[in-house]
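Let me begin by presenting the structure, written as structure tokens, before commenting on it.
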Amino acid sequence: MTINFERSALIEIDVQNDFCPGGALAVADGDKVVAPLNEAASRFAAARAPVVATQDWHPAGHCSFASAEAAGKWRAEGEVLWPDHCVQGTAGADFHPALDLRPVTLVVRKGFRPHVDSYSAFFENDRKTPTGLAAYLRELGVDTVYLGGLATDYCVYFSALDAVKLRFNTYLLSGAVRGVNYPEGSTEKALLSMKNSGVLLVNDR
Ligand code: VGL
Ligand code: ZN
């Protein structure tokens, strides 16, 4: 895979303990994304290209938690309820210990507003509130993004679709993602829908 690092950024989505085996919202083989992402990140760092890591960062009692009082509230299309996860300041919200943070130039935290969930690295689930990531990338002259991380069918999926909508050339590192696959089949469905939306799937090397 040849990358024009001049105008590219790597975006590592939610590589956090709660999404890895043993975590509160564990993704099967979630930790397997770490090695390919570290390898990609070291290549971006060598080229002095930006590497963004996102972090799901919920306050206790967040509206996306099945345990929350707000559980009965109206939900956006494709939104579901989850076990408590990635609560601000907990070990579950930390990046996986093997994720190499040295190449990371920006950490974007999302999902910190109690009443709105945030899957995408670019916009919250109200589809209006920006995270600031697009402005950061644009100011650095980035027109192409490479995405990997967790989970294929939620945060990676919504991030990739938004990246396309924002007119970034959008590549998915297909060996560096894993899905929750809830409901059953959603990982496959997300991959297909990304392809149909203009996301280009690439192998990691
Ligand atoms: C995610 C469910 C809830 C993700 C975050 O990172 O894909 N999924 N919060
Ligand atoms: Zn979450």
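The values are calculated or read from the model by the stated rules, or taken from the named source; none is laboratory data. Bear in mind the structure is a predicted one, so any value in this text is a computation, not a measurement. So basically every Cβ, Gly included, is an ideal-geometry build from the backbone, and we count neighbours across all protein chains shown. The accessibility values were calculated without ligands, DNA or RNA, using every heavy atom of the protein model including side chains. Shrake-Rupley method; radii C 1.70, N 1.55, O 1.52, S 1.80 Å.
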P(r) over all Cα-Cα pairs of the chain, 10 Å bins from 0 to the longest distance, whole percent per bin, short to long, reads 9, 39, 39, 12, 1
Using the alpha-carbon centroid of each, what span in Å lies between the range 156-199 and the range 37-58?
18 Å
I'm checking a number: the convex hull volume of the Cα atoms of the range 1-71, normalised per residue, in Å³. What is it?
117 Å³
Go through C155, T170, L101 and say which Cα lies farthest out towards the positive end of the charge dipole of the chain; charges sit on Cβ, +1 for Lys and Arg, -1 for Asp and Glu.
T170
Distance (nanometres) between label positions extended 7 Å along Cα→Cβ at R167 and L81:
4.2 nm
Less than 20 Å apart at the alpha-carbon level, and either on another chain or at least 8 residues along: which aspartates and glutamates does that give for K165?
E12, E77, E79, D117, E124, D126, E139, D143, D153
Relative contact order for the range 111-205, counting Cα pairs under 8 Å that sit 6 or more residues apart, in percent:
25 percent
Do any GluC sites (Glu not before Pro) in the range 90-191 lie in a DSSP loop with no more than 10 other beta carbon atoms within 10 Å, and if so, which?
E184
Residues of the range 36-58 with amide nitrogen under 18 Å from the 7 Å Cα-to-Cβ point of Y182?
56-58
Mind checking which of T131, T90, T54 has the largest fluctuation in a GNM of the chain, springs on alpha carbons under 10 Å?
T90
Unit charges on C-beta of K, R, D, E only; dipole of the chain, Debye:
600 debye
For the range 8-167, what's the relative contact order in percent, using C-alpha pairs closer than 8 Å and at least 6 residues apart?
31 percent
With a ≥ b ≥ c the root eigenvalues of the C-alpha gyration tensor of the range 114-156, is it rounded (a/c under 1.5), prolate (a/b larger than b/c) or oblate?
oblate
So, with a 1.4 angstrom probe, what is the percent of accessible area on the chain that is carbon and sulfur?
53 percent
So what is the accessible area of the range 136-198 per residue, in Å², with the probe set to 1.4 Å?
44 Å²
So between R7 and A47, what do we pick up on full extension, going 0.36 nm a residue minus the alpha carbon distance?
13.3 nm
Return one quarter of the surface area of the convex hull spanned by the alpha-carbon atoms of the range 73-165, equal to its mean projected area, in nm².
7.0 nm²
